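The values are calculated or read from the model by the stated rules, or taken from the named source; none is laboratory data. From a predicted model like this one, the values you see are computed outputs, not experimental measurements. Cβ placement follows ideal geometry from the backbone for every residue including glycine, while neighbour counts extend to all protein chains displayed.
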Amino acid sequence: MATEKFRGKTAVVTGGASGVGRCLCELFARSGMHVIMADIEAAALEAAGAALKEQGLSVEWVQADVTSPESMENLEARSREIFGNIHVLCNNAGVGIKEAQRRIWTLTPKDWEWGFSVNVMGIANGIRAFVPGMLAHGEAGHVVNTSSTNGGLYSMPTTPIYSASKAAVTSMTEVLYSQFKMEGAALQAHVLFPGPHLVNTNILSSMRNRPERLRDDNEPVAYTSMADLAKASGIANMKLTEPEEVAETCLAGMCAGQFWILPPSKSNDKQLGERTESILRRRNPVLQG
Ligand SMILES: NC(=O)c1ccc[n+]([C@@H]2O[C@H](COP(=O)([O-])OP(=O)(O)OC[C@H]3O[C@@H](n4cnc5c(N)ncnc54)[C@H](O)[C@@H]3O)[C@@H](O)[C@H]2O)c1
């Protein structure tokens, strides 16, 4: 089995307490890896970690805030202390900003700061903290950055900050991929696009982790759960992807050495195709629905 090559290796996953991150931790551990689960949310992290440990899986957890370079340096040092060399880093933590349906010019500097500090700087801090050690030990390894088709492939007009932040994630990962090649490194970079549909996680209640100093108004959040979103969209049986499926797609993509870990989807291909065509033909953008 292709996943055999991961047996006995060590993975660190940020945003590991919930959703896609939690499922990545479980699948990696079931594939015989040692896993460090990292998250800002201490209680959820401990609960998720303890639940996996009870099943006899090799997991530990370390509270970490991806927006803080020092916290990520501490995560790297603790991870090495616990399990030794790190082979897989999943920069997965991300937030949805309370921006659904808002115009870009109404969003505040604190909205931008929070969105970019987690979704973009979180990845930069992860790369900076872990990659030097992963290069130095010289063993094969993987860095997986979680983007989104929204922004990472084409820009939805409904979520301005999220979309811009995920465009940055795709670009940073392309650069990382090329620079690993330029170095002749035993590392590969991958960009993960959870889907093909909206993924059934807690991302719409991301406000739970927004720091006090970056809160600035009482504007209500449009939706806090996928059920709210389905109701607001008027789609009774909105198709969702379960996070377990995203984890399977991710591990299969890593095994196959795919840079673009992008599940098949006709509608994504159509939107990406329209965007690419509009650029190549110097046409104005098509409004993405
Ligand atoms: N849910 C979707 O439909 C979807 C679609 C595309 C991409 N994504 C991306 O998938 C990734 C995982 O999100 P999810 O959907 O599983 O959401 P989720 O809210 O269930 O999980 C995100 C985790 O990140 C943690 N986190 C938030 N801020 C943090 C910080 N500063 N430091 C450390 N951890 C922090 C949260 O506590 C949470 O446990 C994100 O990058 C998200 O943008 C999600």
Task: Residue satisfying condition, being without any contact (Cβ under 8 Å) to a residue 24 or more places away in the chain and either closer than 23 Å to Val199 by Cα or not basic (Lys, Arg) (or both), within set Ala38, Ala43 - done: Ala43
Task: Selection from segment 187-221 of residues that are modelled with pLDDT of 80 or more, more than 24 Å from Leu262 (Cβ to Cβ) and more than 12 Å from the ligand (Cβ to nearest atom) - done: Glu212, Arg213, Arg215, Asp216, Val221
Open item on the list: Among the residues in segment 157-166, are any polar (S, T, N, Q), surrounded by fewer than 18 Cβ atoms within 10 Å (Cβ to Cβ) and over 18 Å from the mean Cα position of the chain (by Cα)?
Closed with: yes
TODO: Write out, first by first residue and then by second, each pair whose Cβ atoms fall under 6 Å of each other, whose residues are 6+ apart or on separate chains, and whose first residue, in segment 110-121, is over 15 Å from Asp65 (Cα atoms) while the second is at pLDDT below 95 and surrounded by 19 or more Cβ atoms within 10 Å (Cβ to Cβ).
DONE: Asp111/Ile97
Open item on the list: Looking only at segment 4-26, filter to residues that are within 18 Å of the chain's Cα centre (by Cα), more than 20 Å from Glu81 (Cα to Cα) and in a helix (DSSP H, G or I); which one of those is farthest from the ligand (Cβ to nearest atom)?
Closed with: Glu26
Open item on the list: Among the residues that make up segment 56-76, is at least one of them part of a helix (DSSP H, G or I), away from the ligand (no atom under 15 Å from the Cβ), over 19 Å from the mean Cα position of the chain (by Cα) and of a type in the set (A, V, I, L, M, F, W, C)?
Closed with: no
Open item on the list: Among the residues in segment 91-98, are any under 25 Å from Glu219 (Cα atoms), more than 13 Å from the ligand (Cβ to nearest atom) and crowded, with 18+ Cβ neighbours inside 10 Å?
Closed with: yes
Open item on the list: Given the criteria in a helix (DSSP H, G or I) and within 27 Å of Phe83 (Cα to Cα), does Ala164 qualify?
Closed with: no
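For every residue, the table says whether it meets (1) under 30 Å from Ser265 (Cα atoms); (2) out of contact with any Asp or Glu (no Cβ under 8 Å at 6 or more places or on another chain); (3) touching a residue at least 12 places away in the same chain (Cβ under 8 Å).
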| residue | (1), (2), (3) |
| --- | --- |
| Arg80 | no, yes, yes |
| Asn91 | yes, yes, yes |
| Ala140 | no, yes, yes |
| Thr159 | yes, no, yes |
Task: Every pair of residues 6+ apart whose Cβ atoms lie under 8 Å, when the first sits in segment 236-255 and is over 15 Å from Val143 (Cα atoms) while the second is of a type in the set (Phe, Trp, Tyr) and at pLDDT below 95 - done: none
TODO: Only one of these is closer than 17 Å to Gly94 by Cα and in contact (Cβ under 8 Å) with a residue 24 or more places away in the chain: Leu214, Leu176. Name it.
DONE: Leu214
TODO: Show the residue pairs that are 6+ apart or on different chains and have beta-carbon atoms under 9 Å apart, the first residue being within segment 5-24 and without any contact (Cβ under 8 Å) to a residue 24 or more places away in the chain and over 19 Å from Leu75 (Cβ atoms), the second being more than 8 Å from the ligand (Cβ to nearest atom) and in a strand (DSSP E or B).
DONE: none
Open item on the list: Anything in segment 102-147 that is part of a loop (DSSP other than H, G, I, E, B), of a type outside the set (Gly, Ala, Ser), away from the ligand (no atom under 16 Å from the Cβ) and touching a helix residue (DSSP H, G or I) at 6+ places or on another chain (Cβ under 9 Å)? List them, or say none.
Closed with: Arg102, Arg103, Leu107
Open item on the list: Looking only at segment 245-273, how many residues end up being buried (at least 16 other Cβ atoms within 10 Å of the Cβ) and not hydrophobic (A, V, I, L, M, F, W, C)?
Closed with: 8
Task: Selected residue (criterion: farthest from the ligand (Cβ to nearest atom)) from residues of segment 27-47 that are among the acidic types (Asp, Glu) and surrounded by fewer than 23 Cβ atoms within 10 Å (Cβ to Cβ) - done: Glu46
Task: The lone exception for Ile235 - which of (1) exposed (fewer than 14 other Cβ atoms within 10 Å of the Cβ); (2) within 11 Å of the ligand (Cβ to nearest atom); (3) not acidic (Asp, Glu) it fails - done: (2)
